[in-house]
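What follows draws every value from the coordinates through simple rules; no lab data is involved. Worth saying up front: this structure is predicted, and the values here are computed from it rather than measured. Every residue, glycine as well, gets a Cβ built from its backbone with ideal geometry; the counts of neighbours run over all protein chains shown.
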Amino acid sequence: MALRFEKSVEDNRGQILFLKHGRKSMNIVEIKAGFARGGHYHSFETRHFLISGKTEVREKNLDTNRETVRTVSAPSIIVVQPRTAHLLTALEDAIFVEGFSGDYSATEYPEYRKIIMQKMA
């Protein structure tokens, strides 16, 4: 079994490289300073390995409606619990890696997606 490059996508926020190794997936994600990614939540825990840069991490637990905001600098691991909307805003150019097994699914969180769209406008 070999590591496969599947595709890349790019917009004004930066580039995402999608890699696959069997049933495991790994995304290498770039966020240019001032832009944001995320704006969704998952039914499973996610881990973002911040390998360069600095980000503001905004999380909102959908079960308790509690929101936290913190600043994270590389190197660091950002763990997001299930049913927690998350938004990563680059305070300086940043790169992180996220990995998961099986099929990826995310549900948009309108409050955070709105922030992403405003920053892209």
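Calculate for the chain the 222 nm mean residue ellipticity that helices alone would give, adding -39,500 (n - 2.57) per DSSP H run of length 4 or more and normalising by residue count, nearest 500 deg cm²/dmol.
So the helix-based figure for the chain works out to -3000 deg cm²/dmol.
Give a quick list of trypsin sites (Lys or Arg not before Pro) in region 1-93 that DSSP marks as loop, anything other than H, G, I, E or B, with at most 10 other Cβ atoms within 10 Å.
Here the trypsin sites (Lys or Arg not before Pro) that fit, given the DSSP loop and packing criteria, are Arg23, Arg66.
Taking θ = phi - 60°, what integer Hz values does the Karplus form 6.51 cos²θ - 1.76 cosθ + 1.60 yield along region 91-103, in sequence order, with x for Gly and Pro?
In residue order, the calculated couplings are 7, 8, 3, 9, 9, 9, 10, 10, x, 7, 10, x, 7 Hz.
Of all the C-alpha pairs in region 2-59, what % are more than 14 Å from each other?
64
Take the cross-link list Lys60/Lys119; Lys20/Lys54; Lys24/Lys54; Lys24/Lys119; Lys32/Lys119; Lys24/Lys114 and give me the ones stretching past 23 Å between alpha-carbons.
Lys20/Lys54; Lys24/Lys54; Lys24/Lys119; Lys24/Lys114
In whole Å, how far is the Cα centre of region 35-51 from that of region 90-119?
Rounded to whole Å, the Cα centres lie 5 Å apart.
What is the pair-distance distribution P(r) of the chain, computed from all Cα-Cα distances in 10 Å bins starting at 0, with each bin given as a whole percent?
The percentages, shortest bin first, are 14, 45, 35, 6, 0.
Would you grab the residues whose amide H sits under 5 Å from the one on Tyr109? Only those 5+ places off in sequence or on another chain, please, with H modelled 1.01 Å from N.
For Tyr109, the qualifying residues are His40, Tyr41.
What size of dipole, in debye to the nearest 20, comes out for region 4-120 about its Cα centre when the only charges are +1 on Lys and Arg C-beta atoms and -1 on Asp and Glu C-beta atoms?
It comes to approximately 120 debye.
Which length gain, in nm to one decimal place, applies between Val9 and Ala121 when the Cα-Cα distance is subtracted from 0.36 nm times their residue separation?
38.5 nm
Hey, what did the chain get for relative contact order, percent, Cα under 8 Å, at least 6 apart?
Relative contact order here is 32 percent.
Between beta-carbons, use under 12 Å as the cut-off and find the net charge around Phe100, counting Lys and Arg +1, Asp and Glu -1.
+1
Rounded to the nearest 0.05, what FRET efficiency is calculated for Asp93 and Asn61 with R0 set to 25 Å and r the Cβ-Cβ distance?
It comes out at approximately 0.30.
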